[in-house]
Every structure is written in structure tokens, then in C-alpha cells.
Amino acid sequence: MNSQITRRGFLGGAVLLGGAALVGCAPDAQRQQAASPGTLQDGTPRRGGRLRLGVVDGDRAGTLDAHKPLTIGSIIRGFAVYSKLWEWNAEMNWSPALAEETEANADATTWTVRLRQGLEFHNGKTITADDVIFSARRLTDPALGSPWAALLFTLDRERIDKVDERTVRFHFKDGKGFVPFPDTFTNFGAIVPVDYDPAKPVGAGPYKLKEFTPGQRSLFTRFENYFKDGQPYADELEIIDFQDEASRIAALQAGQISLANGIGADQVRLLQGDPRVSVVVSQTSNWQSFDLNLSKEPFRDERVREAFRLLTDRKELVERALSGHGRVANDLYSPQDPTFDRSIAQRPYDVERAKALLKAAGQENLQVELVSGEGGDAAALVFAAQAKKAGVTVTVKKVDAATFNGPRRLDWTMSTGGLLTESFLSSALHLDAPVSAANKTHFSDPRFTELFEQAITQPDVARRAELVHEMQRIQHAKGGLVIWGFNDALDAVSTGVGGVVPEHTQFATWRFEKLWVKETT
Amino acid sequence: MTLLPRDRQVRAGALLTVLVVLVAVLGPVAAPYAADELVGPAYGAPAPGAPLGYDYLGADVLSRVLLGGRSLVLTTVCAAVLALLAGATIGMLAAWTGRLADRAVLWCADVLLAFPHLVLVLLAVSMLGRSRPLVVATVAVTLLPGTVRLARSLTLGVMRQEYVEAARLLGYPRRRILFREILPNVTTPLLVHLGAMLTWSAGLIAAMSFLGYGVAAPAADWGLMVNENHGGLRIQPWAVLVPVALIALFALGVNTLAEGLGRTVARVEEER
């Protein structure tokens with residue numbers, strides 16, 4: 001029973017993260033030069049004013065629940081209200097936030113976390129170990145039904161020990177090690193007080209909630225006792241929901257909002273000539289893929305998989321499907337991870353070899369259906385045109401998000417895919433690790449499994465890298481993910497706002513504590 | 001026949017309709033590239049060899065315009081004609097048989113009429129798929145109530161005419177009365193109604209394509225082109241404006257033609 005819930009939840013998490021990954025990419029436009037930190041960091045942070053962020057969020061119900069944000073708008077609002085034990089740094093690696101010190105034991109079977117001293121919630125209550133334990137249990141509570149609970153599916157929620165008022169020790173099920181604990185807990189592990197009421201949310205984030213009208217707007221005021229000294233700078237933060245991109249961009253150009261996160265690449269050219277707006281380009285490792293189902297023909301045959309990888313013109317895909325706002329990938333995820341194997345040669349674009357492999361596999365004149373989810377159809381159509389050159393007929397079937405992520409999600413023979421930047425082990429947990437639930441490719445390899453089980457209990461980066469390198473060679477040679485590109489995150493920022501700098505994350509405009517209003521009007 | 005050139009509205013409508021139909025029917029022969037060929041930069045501006053520029057993926061807009069009308073025109077005409085044939089038959093039979101059948105048909109037509117057309121079509125397509133015969137059938141169903149009601153009221157009017165009474169008294173078979181006496185006298189207004197149906201049908205089918213429920217990419221379709229390229233409207237407007245203009249001209253042409261024909265028919269009847 002439990003395993004089934006975990007499996008479903010885990011998939012939900014993967015799907016939502018995947019969906020969020022697509023926020024930054026859209027149909028086409030032209031390349032915009034990355035805004036340099038120098039041009040955007042100008043001036044000294046000043047206090048006062050109201051930051052106004054526009055988000056495109058179709059969720060009219062909205063939510064502020066710390067552990068159950070289901071749409072991009074809810075996740076962003078969570079960045080204002082809540083703080084976590086760890087946070088993502090600009091390189092998309094975790095670093096301590098509310099935690100002062102965190103340590104795993106030798107085999108990562110326990111993680112000990114000590115809170116900073118003197119931390120406070122918005123209501124003035126001191127943050128203690130009890131709050132951390134309550135938060136971890138609430139996030140993983142089956143009764144709450146958070147899709148993100150699955151990211152911590154190995155956490156033993158009955159064995160979270162209070163060592164002292166500021167220290168907590170986490171254990172994992174069956175005494176198994178879990179190296180990516182901070183990665184998985186950082187995403188949605190907001191720390192809330194033991195008497196938390198989602199109807200009147202209290203957190204330890206940079207802004208306190210003042211007003212919330214679901215589907216329309218939310219208003220926040222500065223939290224004076226935020227744990228980062230001197231921050232946040234603005235008096236108020238307003239997050240306004242938009243139903244479509246065009247109206248959001250118009251509002252930005254009219255000065256009604258000062259920030260628009262994750263804009264479509266096709267909007268970049270529009271904003272290029274506007275002196276009041278800059279586009280901040282953050283080079284992320286959010287990846288885009290075509291997922292080949294290894295349990296189905298024709299992809300059971302390794303030669304066909306290799307042929308599909310060879311006939312993929314990755315450069316053209318980045319140019320056309322990402323409007324040049326991205327970079328070519330080599331069928332491997334997490335290049336930002338220190339364990340990533342950079343010695344694996346880039347797979348070339350070689351239509352002739354692809355044709356020869358298909359012929360050898362007896363798959364000339366092959367016909368395949370490529371199922372495309374929301375936001376993936378541009379890449380799918382470009383790929384279909386590329387496959388035609390190798391004699392492969394790819395029929396693109398565009399389905400809505402509910403169908404794409406519905407009961408048939410693991411049955412598609414070939415489908416579009418992708419994920420946000422995650423560490424190597426976290427990404428594997430989403431997609432192709434032996435315990436992953438969203439294994440769309442149905443990848444399973446005994447040696448890969450063996451190596452994964454060793455890597456997940458190996459906190460030492462150098463030793464883990466050896467294991468990961470071998471895993472990546474297996475993925476590169478035999479896997480089912482045709483990872484063709486990494487997309488940039490594009491944020492539009494009014495010149496009246498300071499503090500937005502390009503990062504290797506999609507969070508440049510979500511770090512509300514670092515942003516300021518240059519002129520108070 | 002000699003009436004057509006005399007009426008300016010009919011002439012203008014016919015000219016517009018013929019022009020758009022020619023683009024739709026002969027366009028595929030003249031298209032320089034296939035619908036799925038990516039030959040230029042995404043949202044590329046008009047250039048030599050590509051007078052309308054390139055679309056969101058880099059396909060030649062002119063080629064997609066030339067290739068994208070056939071599906072719209074064909075589906076529109078098929079749906080409207082099907083609605084006319086089915087609606088006229090049902091309406092005439094309902095009026096002829098009367099009583100319970102007539103009331104049942106009227107009730108069904110009213111129910112269908114109350115249902116928003118676009119919602120009905122989208123519901124059917126999302127449940128049963130987007131095959132062209134299904135789209136034709138569903139759009140025809142949405143057009144049916146108006147046709148049924150019109151055919152029924154026209155038939156009831158004709159049935160009160162003395163020559164129909166005479167045919168009945170003479171003991172002519174029902175089929176003969178229906179097809180020889182009544183049908184010729186309701187055909188002209190029904191044909192005028194066909195023009196109006198073509199306009200509604202074109203709008204509905206283009207809207208379906210725009211919403212992503214019509215023709216699937218990479219096939220070209222004017223409605224689909226608007227959907228695909230509206231994000232770049234301010235960068236490369238031709239990819240949106242040209243298909244929009246052609247859809248509008250087709251609807252305008254057919255509508256003008258229908259109205260002109262209606263007026264002409266009314267004038268002729270007055271003259272009688």
C-alpha cells in the first residue's frame with residue numbers, strides 16, 4: 001500500500017518538476033545576449049518600495065500550503081513565505097539556510113542537522129528542533145497527500161530524533177544510506193511551526209503574508225527578523241497572477257509589474273528594443289529529452305536506440321525549439337554535478353550511420369509515434385523533420401498535460417521529456433534509478449543498479465564520482481533518454497529593480513530577499 | 001443565370017469566394033516547400049525566396065499558406081453540405097409526418113441549439129479523436145438544428161399551397177408529393193441558408209484548429225498557423241496575418257454571396 005502511494009507520488013513529483021522545467025522554454029525567438037551581472041547589479045541595495053512579480057499560473061484555486069504547492073505560482077509564493085534547512089545556491093548546489101551545520105555519517109544512513117541560533121518565525125516564535133521534526137513529518141504525511149513526499153520516500157518518518165533544542169537526526173528506512181537528502185528536502189521542505197495552519201500560513205521566509213486572493217494576487221510585507229541580516233530590502237512584495245504570457249509582458253512594459261519570471265523565448269525579441277526592461281539569461285542544466293521506451297519495439301534493439309541518437313541534430317533543436325536559448329546535451333543529465341563524467345565524447349549527428357544501423361536492425365522505413373506533452377511539441381516537430389532525413393516517419397501526437405501525465409504515462413513508446421536541474425542521484429531517482437517510479441524509458445541494467453546502490457550511500461564525492469562515471473557510461477551506451485539540450489531560464493526585469501543576476505538556476509527572480517526597488521514611487 | 005452578374009453583392013461575394021477557394025485548391029501545386037520542411041530561421045523576416053518570411057520553427061510561411069487552405073475549405077464545405085442534406089430531410093419529414101415525430105424532432109433541435117457549438121465540437125473531438133470525418137460530422141450536427149427548423153417551416157408553408165392539396169386529393173404517393181411538389185419549392189431558401197452555414201462552419205473549424213483540436217502539425221492549416229505563430233505576432237506578423245486574412249475573406253465572401261443570393265431570390269419572388 002505504502003509503496004504504491006510512494007510510487008504514484010514520486011511520479012507526480014517528477015511530472016510537476018518536469019512541467020516546471022518547461023516553464024523557461026517555449027516556441028521560438030532569437031538569441032538575446034545574456035545580461036551581465038554588472039549591468040543589473042548596479043547601485044547599492046536600498047530599502048523601501050514594492051516589488052511586483054507577474055506569474056503565469058493557470059491555477060485559479062491557488063494555495064499557500066508549505067508542503068503541497070502544486071503549480072509554479074504556489075511554488076514561487078512559497079519562496080516568499082517559507083525558508084528551508086538548505087537552499088539552492090547560484091550553481092544549483094545546496095548550501096545551508098536555516099541549518100547552521102549538517103552532516104551525514106560515513107554511509108549516509110543518518111543526517112544530523114543543527115539549526116542556527118535565534119531563528120524566528122513570522123509570529124515571533126523561536127524555531128526549534130520540534131518544528132523541524134513536525135515539518136518533515138507533515139511533508140511526508142500520507143494524509144496530507146503531498147506529491148513531493150515521494151522525494152523523501154526513504155526517510156523513516158517515525159525515526160526523526162530530537163538531539164537537543166536545535167539539533168535533529170534523520171534516519172532512513174532499513175538503515176539505507178541516502179546521499180541526496182539535502183537535494184530532495186531542499187525543494188519542498190519548508191520549515192513551519194508545530195501549530196502550522198495552512199489557512200493562516202506562518203513561515204520563516206523573507207516576506208510575511210498580508211493578503212491572498214487565489215488566482216489573482218498576493219501581497220506580502222517585509223519580515224524584519226529574517227535570518228539573513230539586512231534582508232529583505234523592499235517593504236512589500238506583490239505577486240500577480242496572469243492567465244497568459246502576452247498580457248504579462250504588456251503589464252511589464254506598461255510598468256504595472258517589475259518582474260516576469262520564466263518568460264517564453266519568443267518574447268525575448270519583443271523586449272530587446274525596450275530600454276525599460278532587461279532579459280536575464282540564466283544558463284541552467286534543465287534538460288530536454290526524447291524518452292525511448294525500452295520495453296517496447298522498436299527500442300528494445302540497442303541499434304535502433306543508437307540510430308535515434310545519431311539522427312538527432314541537437315544543434316538545430318536548440319536553435320529552433322529553444323530559439324538558441326540553451327546548449328547541446330550528450331544524452332546525460334546533471335552536468336553541474338561534481339561527479340559528472342566530462343570525458344564521455346559528445347555523440348555526433350550522423351544520419352548515414354543512423355541509416356546503416358536501422359538497416360542492420362531490419363528497421364528501414366520505420367514508423368514511430370512521438371507523444372508530446374505541453375511545451376514539447378516544437379522539439380517534437382523539429383525532430384520529426386530530422387528523422388525524415390533518415391527514412392524514419394515520426395508522427396507527432398500532441399496531448400494535453402492530463403493525458404500525458406495520466407495512467408498511460410509510462411506506456412508511451414516515445415515521448416518528450418525533461419527535468420529541472422537536479423544532482424545526478426536526484427535525477428536518477430526521478431527517472432532511471434532502480435527505485436525510480438517515473439521510469440518512462442523502463443531502463444534496467446543489473447550493473448547500473450549495483451553501482452546506484454553503492455553511490456547513494458557514498459558521501460565522499462571523489463569515490464562517488466568513480467561510481468557515477470561508470471553509471472553514466474552505461475546510460476550513454478544503453479539508456480533510453482535522448483537528452484538533446486539544456487534550456488536557459490529567461491527572466492524579464494524592469495530597470496527599476498536591482499539584485500537580479502544570472503545564475504545557473506531558474507530562481508534568479510525568486511530570491512526575493514536579494515531584490516530591491518531602485519526608485520520608490 | 002442572368003441574375004447573378006446584375007447583383008453587385010453576389011458578384012463581390014462570388015469573386016472573394018472563388019479567389020480563396022482557388023488559393024486553397026491550387027495552392028498545394030504551387031507551394032515551393034513541403035509543410036514540414038524547416039528551411040529558414042525561426043520567425044525569420046521576409047527574404048528573397050520567402051516573401052512571407054518563416055514561421056515559429058523556420059518553415060516557409062508562403063508554402064504553409066498555400067498548403068493550409070485545402071483542409072479548411074474541404075472540411076467546411078463537407079460539413080455544411082452534410083448539414084443541409086440531413087437537416088432538410090429531417091425537417092421535411094417532420095413537417096410531413098407531423099404530430100409526435102414533429103414534436104420529437106423539434107425538441108431535439110432545441111436541445112442541440114441550446115448547447116454552445118464550440119463546446120459540443122470540442123467535447124466530441126477530445127473524446128473520440130480528431131479524424132476529419134468526425135470533425136465534419138460533429139460540425140454538421142451543430143448546424144443541423146437551424147436547418148431542420150428552416151426546412152420544417154418551409155415545408156409546412158408549401159404544404160398549405162393548393163397544388164399540394166390537389167396532389168393529395170388526386171392520390172399521388174407521398175414520396176412523389178414530397179420530392180416533386182415540395183422539394184423544388186424549398187430548395188432556393190435552403191441554398192441561401194447553405195451560404196450562412198458555410199460561414200459558421202468555416203469559423204468553427206478555424207477556431208478548432210486555433211485551439212489545437214483541428215488539423216495536427218506538421219500538416220499545414222490556416223487556423224493552426226494562427227495558433228502556432230501568435231506568440232510572434234509582433235516579430236513576424238505575416239505568419240498570423242495572412243492565414244487570418246484568408247479565413248476572414250473566405251467567411252466574408254461566402255456570407256456576402258449568400259446574402260446577395262437571398263436578396264435576389266426575394267426580389268424574384270416579389271416580381272412574381
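The values are calculated or read from the model by the stated rules, or taken from the named source; none is laboratory data. All values reported here derive from a predicted model rather than from experimental measurement. Every residue, glycine as well, gets a Cβ built from its backbone with ideal geometry; the counts of neighbours run over all protein chains shown. For accessibility, only protein heavy atoms count, side chains too; no ligands or nucleic acids. Shrake-Rupley method; radii C 1.70, N 1.55, O 1.52, S 1.80 Å.
I'd like the full set of residues that are within 14 Å of A:Val493 (Cβ to Cβ) and over 23 Å from the mean Cα position of the chain (by Cα), limited to the range A:273-297. If the condition is that a residue be within 14 Å of A:Val493 (Cβ to Cβ) and over 23 Å from the mean Cα position of the chain (by Cα), then A:Asp274, A:Pro275, A:Arg276, A:Val277, A:Ser278 are the ones that fit. Pairs linking a residue in the range B:54-76 that is away from chain A (no Cβ under 14 Å) and within 15 Å of B:Ala219 (Cβ to Cβ) to a residue that is polar (S, T, N, Q) and surrounded by 24 or more Cβ atoms within 10 Å (Cβ to Cβ), with Cβ atoms under 8 Å and 6 or more positions apart or on different chains, are B:Leu72/B:Ser209; B:Thr75/B:Ser201. Scanning the range A:106-136 for residues that are closer than 30 Å to A:Asp460 by Cβ and free of Cβ contacts under 8 Å to residues at least 40 places away in the same chain gives A:Ala129, A:Ile133. If the requirement is being touching a Gly at 6+ places or on another chain (Cβ under 6 Å) and either open to solvent by 20 Å² or more (accessible area, probe 1.4 Å) or modelled with pLDDT of 95 or more (or both), which of these qualifies: A:Ala360, A:Ala345, A:Ala329? The match here is A:Ala329. Taking B:Ala239 as the residue in question, decide whether it is within 14 Å of another protein chain (Cβ to nearest Cβ), within 23 Å of B:Tyr33 (Cα to Cα) and modelled with pLDDT under 85. Criteria not met by B:Ala239. Of everything in the range A:436-469 that is surrounded by 17 or more Cβ atoms within 10 Å (Cβ to Cβ) and among the charged types (D, E, K, R), the residue that is farthest from A:Val179 (Cα to Cα) is A:Lys440.
Checking each residue in the range A:81-101 for being open to solvent by less than 10 Å² (accessible area, probe 1.4 Å) and without any contact (Cβ under 8 Å) to a residue 60 or more places away in the chain picks out only A:Ala99.
Which of the residues that make up the range A:274-305 are open to solvent by 10 Å² or more (accessible area, probe 1.4 Å), among the hydrophobic types (A, V, I, L, M, F, W, C), out of contact with any Pro (no Cβ under 9 Å at 6 or more places or on another chain) and not in a loop (DSSP other than H, G, I, E, B)? Residue satisfying the conditions is A:Val277 alone. Of all the residues in the range A:254-273, those that are within 11 Å of another protein chain (Cβ to nearest Cβ) and either open to solvent by 10 Å² or more (accessible area, probe 1.4 Å) or not hydrophobic (A, V, I, L, M, F, W, C) (or both) number 7. Assessment of the range A:410-427 against the conditions (under 20 Å from A:Arg342 (Cβ atoms), out of contact with any Ser or Thr (no Cβ under 8 Å at 6 or more places or on another chain) and of a type in the set (A, V, I, L, M, F, W, C)) yields at least one matching residue. Just one residue in the set A:Ser423, A:Ser444, A:Ser415 is of a type in the set (Ser, Thr, Tyr), in contact with a strand residue (DSSP E or B) (Cβ under 8 Å, 6 or more places away or on another chain) and either free of Cβ contacts under 8 Å to residues at least 40 places away in the same chain or not assigned by TED's automatic domain parsing to the domain that holds A:Gly264 (or both); that residue is A:Ser415.
I need every pair where a residue in the range A:330-357 that is without any contact (Cβ under 8 Å) to a residue 24 or more places away in the chain has its Cβ under 8 Å from the Cβ of a residue that is open to solvent by 50 Å² or more (accessible area, probe 1.4 Å) and not in a helix (DSSP H, G or I), sequence separation at least 6 or different chains. Partner pairs satisfying both residue conditions: A:Gln346/A:Val328. Evaluation of B:Ala217 against the conditions (1) within 14 Å of chain A (Cβ to nearest Cβ); (2) surrounded by fewer than 19 Cβ atoms within 10 Å (Cβ to Cβ) shows that the sole unmet condition is (2).
Within the range B:242-271, being without any contact (Cβ under 8 Å) to a residue 24 or more places away in the chain and either open to solvent by 90 Å² or more (accessible area, probe 1.4 Å) or among the polar types (S, T, N, Q) (or both) holds for B:Arg267, B:Glu269, B:Glu270, B:Glu271. Screening the candidates A:Lys398, A:Lys315 for the property of being charged (D, E, K, R) and over 26 Å from B:Arg130 (Cβ atoms) yields one hit, A:Lys315. Say whether the condition of being open to solvent by 30 Å² or more (accessible area, probe 1.4 Å), modelled with pLDDT under 90 and within 14 Å of another protein chain (Cβ to nearest Cβ) is met by at least one residue in the range A:57-80. Scanning the range A:57-80, I find no residue that is open to solvent by 30 Å² or more (accessible area, probe 1.4 Å), modelled with pLDDT under 90 and within 14 Å of another protein chain (Cβ to nearest Cβ), so the answer is no. Pairs linking a residue in the range B:154-175 that is on the phi > 0 side of the Ramachandran plot to a residue that is surrounded by 13 or more Cβ atoms within 10 Å (Cβ to Cβ), with Cβ atoms under 8 Å and 6 or more positions apart or on different chains, do not occur. Name the pairs: first residue in the range B:108-123 and closer than 15 Å to B:Gly212 by Cβ, second residue of a type in the set (Phe, Trp, Tyr), Cβ to Cβ under 6 Å, at least 6 apart or on different chains? Note: pairs meeting the criteria are B:Leu122/B:Tyr213. Counting the residues of the range A:221-251 that are away from every other protein chain (no Cβ under 14 Å), open to solvent by less than 10 Å² (accessible area, probe 1.4 Å) and either among the aliphatic types (A, V, I, L, M) or out of contact with any Lys or Arg (no Cβ under 6 Å at 6 or more places or on another chain) (or both) gives 4. Checking each residue in the range A:306-326 for being open to solvent by 10 Å² or more (accessible area, probe 1.4 Å) and closer than 21 Å to A:Ser444 by Cβ picks out only A:Glu306.
Summed over the range A:379-407, residues that are more than 9 Å from chain B (Cβ to nearest Cβ), open to solvent by 70 Å² or more (accessible area, probe 1.4 Å) and under 19 Å from A:Leu322 (Cβ atoms) total 0.
Hey, among the residues in the range A:490-517 that are in a loop (DSSP other than H, G, I, E, B) and hydroxyl-bearing (Ser, Thr, Tyr), which one's surrounded by the most Cβ atoms within 10 Å (Cβ to Cβ)?
We begin by selecting, within the range A:490-517, every residue in a loop (DSSP other than H, G, I, E, B); these are A:495-496, A:499-511, A:515.
Then keep just the ones that are hydroxyl-bearing (Ser, Thr, Tyr); that gives A:495, A:505, A:509.
Working: A:Thr495: 16, A:Thr505: 23, A:Thr509: 28.
That would be A:Thr509.
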